Amino acid sequence: MQVRFWGTRGSLAKPGAATVRYGGNTSCVEVRSAAGTRLVLDCGTGGHELGQAILREGKPSRGHMLISHTHWDHIQGIPFFAPFFVPGHRWQIYGPQGFSESLKDTLAGQMEYTYFPVTLDAFGAEVSYNNLGEGRLVIDDVVITTRYLNHPALALAFRIETDGATLVYACDHEPHTCDPASQRVTLEGQDLAHAQFMNDADLIIHDAQYLPEEYDAKRGWGHSTVDYAVLIARTAGARRIALSHHDPMRSDDAIDAAVARLRREAAADGPEIFAAAEGLVFDLGNRNPEPASAASSPVVTNMPAAIRSGPSGEIARVLLITGHDALEDRIAKAVSEEPVHLARVSSVGAARKTIDKLHPGLILVEGEVDGEELGTLRGARTDETVPIVQLGGSGPVANGAVDRLCEPWSTEYARARIRTWLMRSECHWMPAPIPDDEASRLAALHALGILDTPPEERFDRFTRLAAALFHAPVALISFVDEDRQWFKSCFGFDECESSRESSFCAHAILARSLLVVPDALMDMRFRDNPLVASGPRVRFYAGAPIRTPEGHLVGTLCILDFRPRDLSQQERGLLVDLAASMEAELSRFKRAGP
Ligand SMILES: [Zn+2]
Ligand SMILES: [Zn+2]
């Protein structure tokens with residue numbers, strides 16, 4: 001993986017004698033994998049020279065531009081990125097959705113006639129747009145994980161893995177609760193989670209706009225100090241930290257001085273510290289170069305990028321606990337344009353009853369509360385995973401809270417944090433709806449008397465055959481019961497049952513035909529399914545429904561894999577054939593059964 005800096009300045013382009021060495025152009029980083037996949041991280045004014053360099057290559061380019069957020073200093077190079085204007089070039093742009101419009105509309109905004117002579121429609125190249133949220137996406141041989149940053153706009157950090165190396169790009173970001181002006185050296189809560197996101201990176205490119213002595217005056221502006229950036233990299237166990245998003249007021253000499261001090265104070269086993277400079281190039285990895293992907297399938301991203309209404313149109317509910325009307329007004333303003341219902345109670349003690357009625361997706365509580373008080377908010381009917389965010393105060397969050405919105409916060413800051421937490425707590429994966437014939441289907445399944453019986457060779461031979469035939473590490477005979485799926489035969493899998501909610505087979509039954517999921521991470525129905533996102537990390541699924549002799553769909557013969565793949569038409573036919581042969585075994589079971 002090769003990494004090249006084209007723009008390292010934060011907030012405002014600042015050419016001049018004092019910035020000539022580290023550069024005056026705003027954020028832009030180019031990443032290329034050994035197989036040739038090209039990513040561009042942010043397109044500030046540094047994107048202009050990168051675009052020229054790409055044109056000089058003399059052939060149509062293909063690339064992927066990842067925008068952390070749409071503040072000016074991260075997108076101002078887009079109207080000047082030459083490859084976009086030349087037919088034959090093909091680019092995809094990715095970024096978090098704006099508060100009230102899509103990524104494309106936000107980018108079009110800066111190219112409206114009032115500001116710029118040509119519009120987005122003048123792009124001669126093939127350019128498409130993808131709204132991003134928190135999650136994972138795969139672009140050819142590159143795996144990208146995203147995480148929301150702490151900024152007054154929805155901003156994403158990118159963890160980029162390819163060629164056996166890891167790069168993390170995290171601009172713009174302010175510490176959550178850690179006070180970078182203090183001497184505290186350990187991270188907690190969301191600051192720790194931020195560091196863990198970068199775990200073991202070869203290179204971290206991090207917001208480092210301020211010096212510690214400047215931070216007090218800049219609280220709530222959404223940026224880090226140089227010391228916080230180093231602390232994050234050290235906690236992450238990273239090999240190198242590139243301080244970036246340099247303040248426009250920071251001269252080359254002042255950057256040199258900051259780096260020299262940080263190196264002097266650094267732990268011996270800490271990361272290598274340097275300041276990002278235009279033109280700097282790094283070669284990372286190549287420990288395990290990936291082969292160029294033969295068929296680079298179109299990149300589909302299905303990350304929820306806005307708060308969604310529920311399946312029956314219900315909106316997210318936020319409970320605010322405060323005794324102050326003024327605070328309620330501020331929060332009401334922050335969520336006024338979100339699909340959110342805001343309810344308020346005046347004290348933690350009074351919240352219990354409202355929580356049981358309201359079922360909030362997020363709880364905001366003012367000021368300092370202790371863990372014991374917060375514990376009273378968690379009743380039998382409140383999901384343990386409902387995030388509690390403290391408003392105001394300072395220092396580490398109380399036991400049971402996940403985050404703190406530190407004063408001074410702007411309406412936009414609160415809106416970004418509320419949206420982040422509501423999207424995080426939302427359930428993204430979709431349990432299969434219940435089939436219309438559920439009652440008779442379950443009756444037929446139970447009448448078989450097959451559930452909870454011991455493994456049998458006459459069933460095991462089908463999973464063995466399926467695994468061998470399709471070169472799959474896992475093959476299962478699965479029955480979809482009322483609230484579980486139970487496996488009569490497991491090849492390559494230890495569990496004998498799992499929840500119906502997370503069941504792929506429940507979807508296959510509903511589809512009433514063979515279900516093939518080539519890449520579960522790219523499929524909205526399964527992306528956040530616990531079998532995909534954690535646990536066994538299933539990537540590929542193919543399941544052929546099996547019927548009782550009366551024709552009820554009760555289960556599947558299915559295969560799983562831990563990498564994305566597909567089945568040919570012939571293989572699909574074979575899997576259906578195999579399931580049909582197994583059905584015969586089922587009728588014999590019924591005759592022999594109790
Ligand atoms: Zn910025
Ligand atoms: Zn910004």
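The values are calculated or read from the model by the stated rules, or taken from the named source; none is laboratory data. Nothing here was measured: the structure is a model prediction, and the numbers come from that model. Glycine gets a Cβ as well: all are built from the backbone with ideal geometry, and neighbour counts include every protein chain shown.
Return the only residue of Gly46, Gly36 being within 16 Å of ligand 2 (Cβ to nearest atom) and over 30 Å from Trp421 (Cβ atoms).
So the residue among Gly46, Gly36 that is within 16 Å of ligand 2 (Cβ to nearest atom) and over 30 Å from Trp421 (Cβ atoms) is Gly46.
Please verify whether the stretch 202-211 includes one or more residues that are among the aliphatic types (A, V, I, L, M) and without any contact (Cβ under 8 Å) to a residue 24 or more places away in the chain.
Within the stretch 202-211 (the criterion being among the aliphatic types (A, V, I, L, M) and without any contact (Cβ under 8 Å) to a residue 24 or more places away in the chain), the answer is no, since none of the residues qualifies.
Among the numbered criteria (1) touching a strand residue (DSSP E or B) at 6+ places or on another chain (Cβ under 8 Å); (2) more than 24 Å from His223 (Cβ to Cβ); (3) surrounded by fewer than 24 Cβ atoms within 10 Å (Cβ to Cβ), which one does Thr162 miss?
(3)
Please pick out the residue among Ala53, Ala13 that is surrounded by fewer than 23 Cβ atoms within 10 Å (Cβ to Cβ), more than 21 Å from the chain's Cα centre (by Cα) and away from ligand 1 (no atom under 14 Å from the Cβ).
Selected residue: Ala53, the only one of Ala53, Ala13 that is surrounded by fewer than 23 Cβ atoms within 10 Å (Cβ to Cβ), more than 21 Å from the chain's Cα centre (by Cα) and away from ligand 1 (no atom under 14 Å from the Cβ).
Would you mind stating whether Ala229 is within 16 Å of ligand 2 (Cβ to nearest atom) and hydrophobic (A, V, I, L, M, F, W, C)?
It is true that Ala229 is within 16 Å of ligand 2 (Cβ to nearest atom) and hydrophobic (A, V, I, L, M, F, W, C).
In the set Ile160, Ile204, which member is on the phi < 0 side of the Ramachandran plot and out of contact with any helix residue (DSSP H, G or I) (no Cβ under 8 Å at 6 or more places or on another chain)?
Exactly one of Ile160, Ile204 is on the phi < 0 side of the Ramachandran plot and out of contact with any helix residue (DSSP H, G or I) (no Cβ under 8 Å at 6 or more places or on another chain), namely Ile160.
Taking the stretch 442-495 as the search range and keeping residues that are β-branched (Val, Ile, Thr) and over 17 Å from Ala584 (Cα atoms), which one is surrounded by the fewest Cβ atoms within 10 Å (Cβ to Cβ)?
Among them, the one singled out is Thr453.
Across the stretch 49-71, what is the number of residues that are closer than 25 Å to Ser102 by Cβ and away from ligand 2 (no atom under 16 Å from the Cβ)?
Going through the stretch 49-71 one residue at a time, the tally reaches 7.
Table: residues versus (1) modelled with pLDDT under 95; (2) farther than 30 Å from Trp221 by Cα; (3) out of contact with any Phe, Trp or Tyr (no Cβ under 8 Å at 6 or more places or on another chain).
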position: Asp403; (1), (2), (3): yes, no, no
position: Cys406; (1), (2), (3): yes, no, yes
position: Ile418; (1), (2), (3): yes, no, yes
position: Pro431; (1), (2), (3): yes, yes, yes
position: Ile434; (1), (2), (3): yes, yes, yes
position: Ser440; (1), (2), (3): yes, yes, yes
position: Ile477; (1), (2), (3): no, yes, no
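Considering only residues of the stretch 96-125 that are charged (D, E, K, R) and either surrounded by fewer than 15 Cβ atoms within 10 Å (Cβ to Cβ) or within 16 Å of ligand 1 (Cβ to nearest atom) (or both), which is modelled with the lowest pLDDT?
Filtering the stretch 96-125 for residues that are charged (D, E, K, R) and either surrounded by fewer than 15 Cβ atoms within 10 Å (Cβ to Cβ) or within 16 Å of ligand 1 (Cβ to nearest atom) (or both), the one modelled with the lowest pLDDT comes out as Glu101.
State the number of residues belonging to the stretch 63-95 that are more than 14 Å from ligand 1 (Cβ to nearest atom) and surrounded by fewer than 18 Cβ atoms within 10 Å (Cβ to Cβ).
Summing the residues that are more than 14 Å from ligand 1 (Cβ to nearest atom) and surrounded by fewer than 18 Cβ atoms within 10 Å (Cβ to Cβ) in the stretch 63-95 gives 6.
Output the residues belonging to the stretch 135-144 that are modelled with pLDDT under 90, within 11 Å of the chain's Cα centre (by Cα) and of a type outside the set (Lys, Arg).
Across the stretch 135-144, the qualifying residues are Gly135, Leu137.
Could you count how many residues in the stretch 25-55 are within 15 Å of Ala276 (Cα to Cα), part of a loop (DSSP other than H, G, I, E, B) and in contact (Cβ under 8 Å) with a residue 60 or more places away in the chain?
Of the residues in the stretch 25-55, 3 are within 15 Å of Ala276 (Cα to Cα), part of a loop (DSSP other than H, G, I, E, B) and in contact (Cβ under 8 Å) with a residue 60 or more places away in the chain.
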